[in-house]
Amino acid sequence: MGEVTATGTVVNSAGEVRDISIVTSWNAPGTTRSLMQLAVTMPDVPAGKTVRWKASSDLPAVSGPCIVLARSGTLAKG
C-alpha cells in the first residue's frame, strides 16, 4: 500500500504523428487480478520521437507485479 510510480520512455515508430497511450496495471500478488490501472495519453507524438511518461497514484492494497501496455491512439472512455 502507498504511493506507486511507473515511468518510462516510448518511441513513435510510425511514419506519422500519432497519439500514444500507456496503461499501467498493478496486480494482486500471485494473481492476474488488477488492483488498479492508470492510463496516460501523449497526444501528437511526432514520427520517430521518443517521449517520457509517468503514472503515479496511491495503491489501495499490497501489489504484485506492475504490467505496462503501450498502444498507438487514444483510449476509449467508459
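Conditions tested, residue by residue: (1) at pLDDT 95 or above; (2) in contact with a strand residue (DSSP E or B) (Cβ under 9 Å, 6 or more places away or on another chain); (3) in a strand (DSSP E or B); (4) of a type in the set (S, T, N, Q).
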| site | (1), (2), (3), (4) |
| --- | --- |
| 25 | no, yes, yes, yes |
| 35 | no, yes, yes, no |
| 51 | yes, yes, yes, no |
| 54 | yes, yes, yes, no |
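Checked against (1) modelled with pLDDT of 90 or more; (2) in contact with a Leu (Cβ under 9 Å, 6 or more places away or on another chain); (3) not β-branched (Val, Ile, Thr), residue 59 meets all criteria but (1). None of 68, 40, 10, 4 is free of Cβ contacts under 8 Å to residues at least 24 places away in the same chain and not basic (Lys, Arg) except 40. Would you check if there is a residue in the stretch 20-36 being of a type in the set (D, E, K, R) and within 19 Å of residue 75 (Cα to Cα)? No, there is no match, as no residue in the stretch 20-36 is of a type in the set (D, E, K, R) and within 19 Å of residue 75 (Cα to Cα). Just so you know, in the stretch 65-78 the residues that are modelled with pLDDT under 85 and small (Gly, Ala, Ser) include one that is farthest from residue 17 (Cα to Cα), and it is 78. The set of residues from the stretch 39-71 being over 11 Å from the mean Cα position of the chain (by Cα), of a type in the set (Gly, Ala, Ser) and surrounded by 14 or more Cβ atoms within 10 Å (Cβ to Cβ) comprises 57, 63, 64. For the stretch 1-38, a residue qualifies if it is out of contact with any Phe, Trp or Tyr (no Cβ under 8 Å at 6 or more places or on another chain), under 14 Å from residue 50 (Cβ atoms) and not β-branched (Val, Ile, Thr), and the qualifying residues are 12, 13, 14, 18.
The values are calculated or read from the model by the stated rules, or taken from the named source; none is laboratory data. Please read all numbers here as calculations on a predicted model, not as lab measurements. Methodologically, a virtual Cβ is constructed for each residue, glycine included, from the backbone with ideal geometry; neighbour enumeration extends over all protein chains shown.
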